[in-house]
Amino acid sequence: MDTQDNDRVRTQVRTAYAKVAKGAGGCSVGCCGTDGGGSLALGYTMDDLAGVPEGADLGLGCGNPQAIAALRPGETVLDLGSGAGIDCFLAASRVGRGGRVIGVDMTPEMVTKARENARRVGATNVEFRLGEIEHLPLPDASVDVIISNCVINLSPDKGAVFREAIRVLKPGGRIAVSDVVATQDIPGEIAENVEALTGCVAGAAKVEEMRALLLEAGFETVAIEARSDSGAIIARCMPGAESYLASARIEARRPGGESCCGPSCCT
């Protein structure tokens, strides 16, 4: 896909999610619920949802990256495609006052919404930046952990996402994301459908393609686990898509740093 096509895709995605940010609790894209019930289906708990500002939970996503990230006090966390901030606020409670959480989103309306949520609850260890996940507004080797929830599939250049991810991670840093992957070829009519793209369906890559892109970027201990129980989640994105898509846990590490007992490291 050339630069012009990439920009066209980003514009489509940005437009769709701007409508979500400006909606009154509603949602106009796939993989989306309209209230906390949607997030409960993704693996969040009632305690999780009770601990985030009102308006931070849009029910978007395909899993719960917090469940695999094994965040520790004092860490610096980056959330790719942070939306209204639910995962950032949850991460902030785990890393504590000595830690820091940075959310990056390319939709100005989402960044504005997230910043307002942070202001209302006085979240001093959370910040939100406007930017594309293929061109992160962060310096080299500046974060310990990268999380993301159903966003990388929206990128037209996933290789660039992973190259940027490894650039901003510290040596030994890790990536732990939930995303949609293709378990078989996506039907042609779906692959070309704009709504299917913005709904986290048409842009999904196959597991082996994702693994190859992570390794090519320089990651090690790559682990991609497609969830066999994710049919209901995928059906929420597009009914019938569960026959060729699955929600997956994706973990990997940047080489270097202290020794670690697995992609998510020991706790």
* For S228, S142, S243, give the ranking by accessible area with the largest first, probe 1.4 Å. => S228, S243, S142
* **Cα-based Lys pair tally, the chain, threshold under 27 Å, eight or more apart or on separate chains** => 6
* **Heavy-atom accessible area order for M46, M106, largest first, 1.4 Å probe** => M46, M106
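The range 63-126: D in µm²/s via Stokes-Einstein (Kirkwood Rh, Cα pairs, 25 °C, 0.890 mPa s)?
On the way: Rh = 11.6 Å.
Roughly 211 µm²/s, to the nearest whole number.
Given the rule -39500 (n - 2.57) for each run of at least 4 DSSP H residues, summed and divided by the residues of the chain, what is its mean residue ellipticity at 222 nm, to the nearest 500 deg cm²/dmol?
Only helices count here, giving -10500 deg cm²/dmol.
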* To do: Consider just the alpha-carbon atoms of the range 128-216 and return their Rg together with their Dmax, both in angstrom.
  => 13.8, 42
* Accessible area expressed per residue, the chain, with surrounding protein chains retained (probe 1.4 Å, Å²) -> 42 Å²
* Structure fact -> If the chain between A226 and A50 were fully extended at 0.36 nm per residue, the gain over the current Cα-Cα distance would be 60.5 nm
* Asked: Hey, quick one: spin label on R163, modelled 7 Å out along Cα-Cβ, who in the range 222-255 has an amide N within reach, i.e. under 16 Å?
  -> none
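Any idea what % of Cα-Cα pairs in the range 75-200 are farther than 23 Å? Don't jump to the answer; show the numbers that get you there.
Values: 2551 of 7875 pairs.
The calculated P(r) of the range 75-200 puts 32 percent of pairs beyond 23 Å.
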* **Highest-MSF residue in the chain out of D229, D144, D47 [GNM, Cα springs under 10 Å]** => D47
* To do: Measure off 7 Å from each Cα along the Cα-to-Cβ vector at T15 and A212, then give the distance between these two points in nanometres to one decimal.
  => 3.2 nm
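If you average the sequence gap of Cα pairs under 8 Å that are 6 or more apart and divide by the length of the chain, what percent do you get for the contact order? Could you put the intermediate results ahead of the total?
Details: 603 pairs, mean separation 51.1, N = 267.
Once divided by the residue count of the chain, the mean separation gives 19 percent.
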* **Equivalent ellipsoid semi-axes - Cα gyration tensor, the range 36-144, angstrom** => 19, 16, 14
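Would you kindly state how much longer the chain becomes between D140 and E189 on full extension, computed as 0.36 nm times their sequence separation minus their alpha carbon distance, in nm to one decimal? Show your work: numbers first, answer last.
Working: separation 49, 0.36 × 49 = 17.64 nm, distance 4.00 nm.
Working it through step by step, the gained length comes to 13.6 nm.
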* Asked: Ignoring ligands and nucleic acids, what accessible area does E189 show with a 1.4 Å probe (Å², nearest 10)?
  -> 130 Å²
* Structure fact -> For K170 the rounded accessible area (nearest 10 Å², probe 1.4 Å, non-protein molecules ignored) is 70 Å²
* **C-alpha center-to-center spacing [the range 153-232, the range 72-137] in angstrom** => 21 Å
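On the protein heavy atoms, probe 1.4 angstrom, tell me the percent of accessible surface of the chain carried by carbon and sulfur.
That fraction is 50 percent.
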* Structure fact -> Debye calc, one equal point scatterer per Cα of the chain, no solvent, log10 I(q)/I(0) at q = 0.08, 0.12 1/Å comes to -0.27, -0.64
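The values are calculated or read from the model by the stated rules, or taken from the named source; none is laboratory data. Quick caveat: nothing in here was measured; it's all calculated off a predicted structure. When we count neighbours, we look across all protein chains shown, and the Cβ atoms used for this are built from the backbone with ideal geometry, even at glycine. With ligands, DNA and RNA removed, areas are computed over all heavy atoms of the protein, side chains included. Shrake-Rupley method; radii C 1.70, N 1.55, O 1.52, S 1.80 Å.
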